Amino acid sequence: MLFLLATFATSFGAIVGSFLNVVIHRYPREESIVFPPSHCPACDAPIHWYDNVPLLSFVVLLGRCRACREPISWRYPLVELANALFYLAIFLHTGPQIVFFFLAAMVSMLIVLIYIDAEIQILPDVIDIPGIAIGLAIGALGLAASAPRLMLSDSWLDAALGTLAGAGVVAAIIGAYWLVRRVEGMGWGDSKMLAMIGAMLGWRAVFGVLILGSITGAIVGVPVALRSREGMHLAVPFGVFLGFAALVVLFFGPTLSGWYLSLILR
């Protein structure tokens, strides 16, 4: 039975991943995510149900539209596969409990935020704000007890402080950068995204996520900036790195904390 439920969780993740692709593609273009139904972005031909099976259809069609034979972006199977594997990872930590659905929603939101920020450098409020609410619910309902191996806010106070810490630390960075350079060093969307992450993971995780996101952002962003015309003035989609850092801390936070404590207590 556990194997069947894990298979269902994985399949459900792939199906949701297919919907995430719709959101990722249409939101930057200000299109409805409901109408029209799924269609090829190259020729507008409607995609029939048998060509819209997550992962499988991409393989059967050899990565091309059936109607116009234009290549299908690799983003589609990658998002479906990533969401499916994350749902499986969540299920292996939580089993068939209500916390699974809360975490599945949060992880899917992070995936959408990562891709949209990478494309248009916007972190939509329509995702951030509900994400904050779900994160607060995780803490208020005490769902951390159902997933002890994950890093989660363990009370309503922890979630609330995480929200305030996430929003406040980015707001402080924006304010300080404005005083020194008279430009915004980060976007307010980053503030709301980190508030969402803080609500989910708790206030103790906020600074770890920020540091990890900053390090990975620098590793990736500095070489890219040096090769660009803008140089170090190149705007880097920091939400991408916050999202990756949040996923790492969610699944490996307790382990990383244990390693850190063992080092400083030696």
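Note on the range 214-244: residues that are in a helix (DSSP H, G or I) and in contact with an Asp or Glu (Cβ under 9 Å, 6 or more places away or on another chain) amount to 5.
Quick one: what pairs do we get from the range 11-28, first residue in contact (Cβ under 8 Å) with a residue 24 or more places away in the chain and farther than 19 Å from residue 120 by Cβ, second buried (at least 19 other Cβ atoms within 10 Å of the Cβ) and of a type in the set (Asp, Glu), C-beta under 6 Å, 6+ apart or different chains? Sorted first by the residue in the range 11-28, then by its partner, the pairs are 14/80; 17/80; 18/80. Only a single item in (1) surrounded by 11 or more Cβ atoms within 10 Å (Cβ to Cβ); (2) under 21 Å from residue 115 (Cα atoms); (3) not small (Gly, Ala, Ser) is not met by residue 61, and it is number (2). Inspection of the range 114-129 identifies at least one residue that is surrounded by fewer than 22 Cβ atoms within 10 Å (Cβ to Cβ) and at positive phi. It is to be established whether one or more residues within the range 108-130 are under 21 Å from residue 14 (Cα atoms) and hydroxyl-bearing (Ser, Thr, Tyr). There is at least one residue in the range 108-130 that is under 21 Å from residue 14 (Cα atoms) and hydroxyl-bearing (Ser, Thr, Tyr). Of the helices (runs of 4 or more DSSP H) contained entirely in the range 1-119, those carrying at least 1 residues that are out of contact with any Ser or Thr (no Cβ under 7 Å at 6 or more places or on another chain) and closer than 22 Å to residue 152 by Cα fall at 2-26, 75-94. For the range 84-113, the candidate set comprises residues that are over 19 Å from residue 139 (Cα atoms) and touching a Pro at 6+ places or on another chain (Cβ under 9 Å); within that set, the residue that is surrounded by the most Cβ atoms within 10 Å (Cβ to Cβ) is 113.
Residues are listed down the side, and each one gets a yes or a no for (1) without any contact (Cβ under 8 Å) to a residue 60 or more places away in the chain; (2) closer than 21 Å to residue 17 by Cα:
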position: 94; (1), (2): yes, yes
position: 106; (1), (2): no, yes
position: 110; (1), (2): no, yes
position: 134; (1), (2): no, yes
position: 141; (1), (2): yes, no
position: 144; (1), (2): yes, no
position: 149; (1), (2): no, no
position: 153; (1), (2): yes, no
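Sub-6 Å Cβ pairs linking a first residue in the range 197-212 that is not assigned by TED's automatic domain parsing to the domain that holds residue 170 to a second residue that is among the charged types (D, E, K, R) and not in a helix (DSSP H, G or I), at least 6 apart or interchain, number zero. Take the conditions (1) of a type in the set (Phe, Trp, Tyr); (2) closer than 21 Å to residue 33 by Cβ; (3) in contact with a Phe, Trp or Tyr (Cβ under 7 Å, 6 or more places away or on another chain); residue 101 misses just one of them, which is (3). Scanning the range 71-83 for residues being within 18 Å of the chain's Cα centre (by Cα), in contact (Cβ under 8 Å) with a residue 12 or more places away in the chain and over 27 Å from residue 140 (Cβ atoms) gives a total of 7. Residues being surrounded by 17 or more Cβ atoms within 10 Å (Cβ to Cβ), assigned to a loop (DSSP other than H, G, I, E, B) and not aromatic (Phe, Trp, Tyr) are represented in the range 193-209 by at least one member.
The values are calculated or read from the model by the stated rules, or taken from the named source; none is laboratory data. This one's a predicted model, so the numbers in the text were calculated from it and none came from an experiment. No Cβ is skipped: glycine too gets one built from the backbone with ideal geometry, and neighbour counts run over all protein chains shown.
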